[in-house]
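Inspection log for the structure reproduced underneath, given as structure tokens.
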Amino acid sequence: MIFDWPAVLEPQDVNIQPPRKTEGTSTSLSGFMQTAVTPRPPFGLKLIFPQLHGAEVLAWRAMEGLFEGRANIVRIPLFDLWFRASDAQIGAGRVAHSDGTAFSDGALYVTDDLSGVTVSGVQGQRNLTVDFGAYGQLFQAGLFFGIGEHPYLATGVWWNGTVATIRCTPTLRTACTDAPFRLRPTMLAGLTRDEGANLELTRARYGAPSLELVERFDG
């Protein structure tokens with residue numbers, strides 16, 4: 001089961017861990033190291049929260065129940081609030097109908113991300129070509145982005161007008177055609193251990209929990 005992150009729960013400290021490239025490193029008696037390279041390894045996310053009270057405690061308890069240990073999956077934002085493009089940069093996310101028209105009073109649809117910016121590629125592709133059109137050069141290396149339910153980290157960006165060549169990690173999880181390019185990525189994640197979402201309350205009233213998650217691909 002996949003459930004959405006409770007909006008009332010906002011972390012104080014965020015540690016987004018881009019995919020680590022290797023696993024299973026071992027050292028022999030002679031000092032020789034052997035490292036197994038893992039293709040497209042998962043993201044990790046560590047969150048530390050301020051003291052939770054009232055409705056926040058109840059939301060946390062409900063979330064812990066939804067996890068059911070490591071059985072279920074949460075759809076969670078990366079909380080990269082200060083470094084992503086601002087609402088002003090993405091034009092407040094206002095778009096027309098598919099035929100270019102607005103509502104009778106001139107109003108437009110409101111979106112919370114880019115509109116009309118897409119990406120295509122094959123599984124394992126490292127460099128992506130993305131045309132940002134009227135948005136201009138609003139993207140740079142070091143930013144996270146999303147394609148579908150998968151987050152990525154841009155490790156290099158080169159511009160030719162409004163077209164960006166983006167080097168990313170990990171390489172593309174799956175093939176995609178005209179998939180929406182998201183500046184506010186979400187991730188499907190699960191607990192790293194069954195007790196990972198347990199909340200200990202001081203005086204049975206409030207608590208400051210932490211959470212460690214790992215990207216999941218079985219959602």
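Determine, for Phe139, Phe217, Phe43, the number of other Cβ atoms within 10 Å of each Cβ, and report the residues in order from fewest to most.
Phe217, Phe139, Phe43
So for Leu188, Leu199, Leu213, fewest C-beta neighbours within 10 Å to most, what's the order?
Leu199, Leu188, Leu213
Counting other C-beta atoms within 10 Å, which of Cys176, Cys168 has the fewest, and how do the rest follow?
Cys176, Cys168
Rounded to the nearest Å, what's the spacing between the alpha carbon centres of the range 134-170 and the range 199-219? Just the number, please.
Using only Cα atoms, the two centres lie 31 Å from each other.
Bear in mind these aren't lab numbers, they're just calculated from the coordinates by the rules spelled out. Keep in mind that what you see is a predicted model, and the values were worked out from it rather than measured. Please note: Cβ atoms are built from the backbone with ideal geometry, for glycine as well, and neighbour counts cover all protein chains shown.
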